[in-house]
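Encoded as structure tokens, the structure appears first; notes follow it.
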Amino acid sequence: MLRLSPIDEAKRPMVAMILLLLAPAAWTVTAMAQEEPAAQQEPAAPAEPAVDPLAVPENASVEELLAFLQRLEGEEPQGTTRAEKIKHFTKILQAMVATSDKILELTMEREPRSTAARTKLAALKLLKRIYPTDKSNNLLEFARSLANDPDPELAAEAEMVLIADKAMSIADGDDAAARSGLADIAAYIQKSKEIDERHVGLARKTAEILEDAGKLELAAEAYEMFAKILAASDNPEVRSYSQKLAGAARKATLIGKPLELTGTKFDGGEFDWASYKGKVVLIDFWATWCGPCRAELPNVLEQYAKYHDKGFEVVGISLDEERGELEAFLKENELPWVTLFSDDPMATGWDHPLATYYGIFGIPATMLVDQKGNVVSLSARGPELAEQLEKLLGPVEDTDTAGGND
């Protein structure tokens, strides 16, 4: 199955740097050197003006500016805290933009101009990630100026920036505007010589934005449209991902509809979905390696203990890839419900048949089914699970106090 990079320019070293900086991490603070007692110190010499290593060289040639750009790309952020490192990294990116602008002013030669333009485009994209609301960032304006650049790769990168911006705002207008935007994005993907993970990521993100905005019908249309485009690809991994998008379209329109569920239980037995008829059932996609899944588990166990006698059941669908890891977890944590698991190495983990059938891109993912077998929620986690169960099965106290009210 195709594995999507977090961002389309993931192979660039600068991107690895920003991902590190923006991740929540505890930075190690270097120990300060101990100062000698004041009595033993000689008078300090007059301090010389500090030279800013990130200052763009003045009166430099194009070759010198290109060498400076190369040095900037290898520059490591300085600072003892995450905030300090991000601040320093911002200065590096700003220096890259300023240096690129100088090169573009000084020469009309194609190769150095392409290098400078590509560097500026990448730096502006990263600055946009750090400061998404910064109005001084002219990323889109610069990308438009490169739309017809003689360097076809550079023009393609610029077009990707513009189409990605269209995707990010796909849910801002009315349905007609959204469908127009979807048509543009679809045309962009279809005309690409080779559909790769960037195009797959664009398709998925576009549909997800509509889904997150509550425009489920449009989201389903988007998933289905992109699924058909990917299905026609010559790349077998891209074609296989089309099944995920088709599944996501199916999931987006599940509310109020019956759920289909088949599979193999962890003990090897066949799962019987019909035996759950008349019950309220939580379908929980999870994995032992998933931190949020394990954090939600106590809540599910608590609700199970409260509502099981009233007709509440849980079906866990493990997206673990190794049976041994799941087995060890289940031995340590005896879950009182059925767990489905696939031993097929070609259909396990994210490729579990049910994860594909329902387009599961992230976990935990849940579906709550009512007594009639229809899906009533796709987000029954945390407090919402308790709220939904009380709505469907009544307050827990009803069982305890029924005799006293007669």
Checklist entry - What do you get for Rg/Rh over the chain if you use C-alpha atoms and the Kirkwood form of Rh? => result 1.09
Item to check | Heavy atoms of residue 260: accessible area, 1.4 Å probe, square angstrom to 10 | outcome: 120
Next on the checklist: Under 5 Å between amide hydrogens, which residues at least 5 positions from residue 365 or on another chain qualify, with H placed 1.01 Å from N in the peptide plane?
Outcome noted: 285
Checklist outcome for this item: Asserting the computed 222 nm helical MRE of the chain (DSSP H runs at least 4 long, -39500 (n - 2.57) per run, divided by residue count, to nearest 500) equals -16500 deg cm²/dmol
Checklist outcome for this item: In Å, the Kirkwood estimate of hydrodynamic radius for the stretch 196-312 over Cα pairs equals 16.9
Item to check | Net +/- balance of residues flanking residue 251 in space, Cβ distance below 15 Å, scoring K and R +1, D and E -1 | outcome: -3
Checklist entry - Ranked from highest to lowest mean number of other Cβ atoms within 10 Å per residue, what is the order of the peptides 88-96, 346-354? => result 88-96, 346-354
Item to check | Inter-site label distance for residue 145 and residue 94 at 7 Å from Cα along Cβ, in nm | outcome: 1.9
Checklist entry - Counting only the heavy atoms of the protein chains, how much of residue 241 is accessible to a 1.4 Å probe, in Å² to the nearest 10? => result 10
Checklist entry - Taking a ≥ b ≥ c as the square roots of the eigenvalues of the Cα gyration tensor of the stretch 50-181, is the shape rounded (a/c under 1.5), prolate (a/b larger than b/c) or oblate? => result oblate
Item to check | Length released on extending from residue 239 to residue 177, taking residue separation times 0.36 nm less the Cα-Cα span | outcome: 19.5 nm
Item to check | Gain in span if fully extended, residue 212 to residue 169, counting 0.36 nm per residue against the direct Cα distance | outcome: 14.2 nm
Next on the checklist: Give me the extension gain from residue 134 to residue 104: residue separation times 0.36 nm, minus the current Cα-Cα distance, reported in nm with one decimal.
Outcome noted: 8.5 nm
Checklist outcome for this item: Nearest-0.05 FRET efficiency for residue 71 and residue 289 at R0 = 30 Å, using Cβ-Cβ distance, is 0.15
Item to check | Ratio Rg/Rh [Cα only; Rh per Kirkwood] for the stretch 251-406 | outcome: 0.98
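Of the cross-linked pairs 120/166; 166/193; 277/372, which ones have a Cα-Cα span greater than 19 Å in the structure shown?
With Cα atoms farther than 19 Å apart: 120/166; 166/193.
How high is the FRET efficiency between residue 156 and residue 371 when r is their beta carbon distance and R₀ equals 41 Å, given to the nearest 0.05?
Result of the calculation: an efficiency of 0.15.
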Checklist entry - Summing Lys, Arg as +1 and Asp, Glu as -1, what charge do residues with Cβ under 15 Å from the Cβ of residue 227 carry, residue 227 excluded? => result +2
Checklist entry - Hey, got the Cα dimensions of the stretch 98-168 along the principal axes, in Å, largest first? => result 34, 23, 14
Checklist entry - Got a number for carbon plus sulfur as a percent of the chain's accessible area, 1.4 Å probe? => result 52
Item to check | Cα→Cβ-extended label distance, 7 Å offset, between residue 87 and residue 384, nm | outcome: 3.9
Item to check | Karplus-derived HN-Hα couplings along the stretch 275-282 (A = 6.51, B = -1.76, C = 1.60, θ = phi - 60°), whole Hz, x at Gly and Pro | outcome: 5, 9, 4, x, 9, 8, 10, 9
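The values are calculated or read from the model by the stated rules, or taken from the named source; none is laboratory data. If you're wondering where the values come from, they're calculated on a predicted model, not measured in any experiment. Cβ: placed from backbone, ideal geometry, glycine included. Neighbour counts: every protein chain shown. Just the protein is used for accessible areas: all its heavy atoms, side chains included, with ligands, DNA and RNA removed. Shrake-Rupley method; radii C 1.70, N 1.55, O 1.52, S 1.80 Å.
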